[in-house]
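As structure tokens, the structure follows; a few thoughts come after it.
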Amino acid sequence: MKRLGFLASGRGSNMLAIIRACESGRLPASPVLVISNNPDARALQLGSEHGLEALHMSRRTHGDAAALDQAMTAAMQAHQVDLVILAGYMKKIGPQLLSAYAHRILNIHPSLLPKHGGRGMYGMHVHEAVIAAGETETGVTVHLVNAEYDSGDILARRTVSVAADDDAESLAARVLEVEHRLYTEVLGKILSGEITLPE
Ligand code: GRF
């Protein structure tokens, strides 16, 4: 079974959806590790509750960016992680982790990339921008991670309609449900070979 390592900064609902899919046997993978830059992240608590090793790693614990990158890479490798799953991780990925896990780091973004992505486009900012732009549809994108925010190869997208009376909160809630389903589905397709990641 492939082993999953998560990077998460906050509430961890996407991570939890994936863990539950593994626990129920819908996804043939083992979630083994979660690393967070935020010691108070709910994702760390959820990870511990579900038997994952849960580590706080940040500039506070490791000093400079290179030392942190090295330690995060070492932790993923020590846990024999095959795929790194970003689930609401708010930091850029360092060059060492990127090269150790080339084409093996995934992220989910709550819009139809390349629309409404990039620096500063996270959380409610994304849904506010969608409403402000008068979009009639938005959605979810799962993509590979590279050195820039939200710009790696797209693996899957799913559309969500924007209703006339939607505000950012109502839209975020509907998009989040789709995120949970799409992330699990894409992982399933990677594990079954239906989606092939570049070598
Ligand atoms: C999600 O909207 C995800 O698309 C984005 O950050 C949010 C994380 O939510 N990258 P959660 O921590 O998974 O609940």
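The values are calculated or read from the model by the stated rules, or taken from the named source; none is laboratory data. These numbers were taken from a predicted model, which means no experiment stands behind them. Neighbour counts run over all protein chains shown; Cβ positions are idealised from the backbone, glycine included.
Yes or no, residue by residue, for (1) within 14 Å of the ligand (Cβ to nearest atom); (2) on the phi > 0 side of the Ramachandran plot; (3) of a type in the set (A, V, I, L, M):
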position: ILE18; (1), (2), (3): yes, no, yes
position: VAL32; (1), (2), (3): no, no, yes
position: ILE35; (1), (2), (3): yes, no, yes
position: GLU49; (1), (2), (3): no, no, no
position: LEU52; (1), (2), (3): no, no, yes
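Here are GLY94, GLY88: which of them is surrounded by 19 or more Cβ atoms within 10 Å (Cβ to Cβ), away from the ligand (no atom under 16 Å from the Cβ) and either of a type in the set (A, V, I, L, M) or at pLDDT 95 or above (or both)?
On the way: GLY88 fails: away from the ligand (no atom under 16 Å from the Cβ).
After ruling out the rest, the residue left standing is GLY94.
From ILE154, ILE105, ILE85, grab the single residue that is touching a His at 6+ places or on another chain (Cβ under 7 Å), under 25 Å from LYS2 (Cα atoms) and among the β-branched types (Val, Ile, Thr).
ILE154
Is one or more of the residues making up region 101-123 under 17 Å from LEU33 (Cα atoms) and aliphatic (A, V, I, L, M)?
Residues of region 101-123 under 17 Å from LEU33 (Cα atoms): 101, 104-107.
From the residues that got through so far, the ones that are aliphatic (A, V, I, L, M) too are 105-106.
Within region 101-123, one or more residues are under 17 Å from LEU33 (Cα atoms) and aliphatic (A, V, I, L, M).
Only one residue in VAL160, VAL142, VAL175 is in contact (Cβ under 8 Å) with a residue 60 or more places away in the chain, outside any loop (DSSP other than H, G, I, E, B), at negative phi and β-branched (Val, Ile, Thr), so which one is that?
Matching residue, one of VAL160, VAL142, VAL175: VAL175.
Among (1) within 14 Å of the ligand (Cβ to nearest atom); (2) more than 25 Å from MET76 (Cβ to Cβ), which single condition is THR141 missing?
Evaluating THR141 over (1) within 14 Å of the ligand (Cβ to nearest atom); (2) more than 25 Å from MET76 (Cβ to Cβ) leaves (2) as the failure.
When you scan region 103-118, do you find a residue that is more than 15 Å from the ligand (Cβ to nearest atom) and touching a Pro at 6+ places or on another chain (Cβ under 6 Å), even just one?
Checked against the condition, which is being more than 15 Å from the ligand (Cβ to nearest atom) and touching a Pro at 6+ places or on another chain (Cβ under 6 Å), region 103-118 yields at least one hit.
From the list LEU52, LEU44, LEU16, which residue is modelled with pLDDT of 95 or more, over 15 Å from the mean Cα position of the chain (by Cα) and crowded, with 20+ Cβ neighbours inside 10 Å?
Residue meeting the stated conditions: LEU52.
Under 8 Å between Cβ atoms, which residue pairs at least 6 apart in sequence (or on different chains) link something in region 39-53 that is more than 15 Å from ILE18 (Cα to Cα) and touching a residue at least 12 places away in the same chain (Cβ under 8 Å) with a partner that is within 15 Å of the ligand (Cβ to nearest atom) and in a helix (DSSP H, G or I)?
Listed by first residue and then by second, the contacts come to GLU53/GLY47.
Enumerate the helices (runs of 4 or more DSSP H) found wholly within region 1-86, keeping only those where 2 or more residues are within 26 Å of GLU199 (Cα to Cα).
The qualifying helices (runs of 4 or more DSSP H) are 13-23, 65-78.
Determine, yes or no, whether TYR122 is of a type in the set (Ser, Thr, Tyr), surrounded by fewer than 19 Cβ atoms within 10 Å (Cβ to Cβ) and within 14 Å of the ligand (Cβ to nearest atom). Working first, answer last.
Working: of a type in the set (Ser, Thr, Tyr): yes; surrounded by fewer than 19 Cβ atoms within 10 Å (Cβ to Cβ): yes; within 14 Å of the ligand (Cβ to nearest atom): yes.
Considered against the rule, which asks whether it is of a type in the set (Ser, Thr, Tyr), surrounded by fewer than 19 Cβ atoms within 10 Å (Cβ to Cβ) and within 14 Å of the ligand (Cβ to nearest atom), TYR122 comes out as yes.
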